[in-house]
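Right, one structure below, let's go through it.
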Amino acid sequence: MKLILDTDVIIWAALDSLAEETKQRLSGEGVELLFSAVSIWEIAIKSRLGKPDFSFDAAVFRRSLFESGYIELPVNGVHAAAVARLPDLHKDPFDRLLIAQAMVEGITLLSADEAVLSYPGPIERVN
């Protein structure tokens, strides 16, 4: 099963601050963990703006994800165009593109964000 983690969840995973149930799910047999280029973009922008929850070097963070066995999902035009079909439930462009990627690719997006969880599609809650 392929799982893509939203940016907050991937940061929490890196900081080892996920609930035990979520940790077990991520390390389960047959699970492929993906991260989106969108998350690296979000970390880079928010780090540059001085947001405290994003005080990571995006390039170093990306490299550590590869070292931890994650697979990168690039953004393509199909993903970008799919954003236009999403209902206006959430305005965050990073989250909207992650949702579109999950829907287009048929990959389950794991999130703790209530606005993200309000979308239909392959999106599941984590703690």
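Nothing in this text is a laboratory measurement; each read-out follows from the coordinates by a stated rule. Quick caveat, the model's predicted, so the values are computed rather than measured. A quick note on method: Cβ atoms are made from the backbone with ideal geometry, for glycine too, and the neighbour counts reach across all protein chains shown.
Summary of values
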| quantity | calculated |
| --- | --- |
| Residue selected from region 91-104 under the condition crowded, with 18+ Cβ neighbours inside 10 Å and either in contact with a strand residue (DSSP E or B) (Cβ under 6 Å, 6 or more places away or on another chain) or not hydrophobic (A, V, I, L, M, F, W, C) (or both), by the criterion nearest to ILE45 (Cα to Cα) | ASP95 |
| Hits in region 1-44 (condition: touching a Phe, Trp or Tyr at 6+ places or on another chain (Cβ under 8 Å) and among the β-branched types (Val, Ile, Thr)) | ILE4, THR7, ILE10, ILE11, VAL38, ILE40, ILE43 |
| Number of the condition not met by GLY50 [criteria: (1) of a type outside the set (Lys, Arg); (2) within 23 Å of ILE123 (Cα to Cα); (3) assigned to a loop (DSSP other than H, G, I, E, B)] | (2) |
| Qualifying residue in region 3-22 (condition: closer than 15 Å to ARG125 by Cα, of a type in the set (Gly, Ala, Ser), in a loop (DSSP other than H, G, I, E, B) and touching a residue at least 40 places away in the same chain (Cβ under 8 Å)) | yes |
| Some residue of region 53-66 being in contact (Cβ under 8 Å) with a residue 60 or more places away in the chain, out of contact with any Pro (no Cβ under 9 Å at 6 or more places or on another chain) and under 24 Å from LEU18 (Cα atoms) | no |
| Single unsatisfied condition, GLY121 versus (1) under 11 Å from the mean Cα position of the chain (by Cα); (2) not in a helix (DSSP H, G or I); (3) not acidic (Asp, Glu) | (1) |
| Residue check, ALA102 among the small types (Gly, Ala, Ser), under 11 Å from the mean Cα position of the chain (by Cα) and either outside any helix (DSSP H, G or I) or within 16 Å of VAL9 (Cβ to Cβ) (or both) | yes |
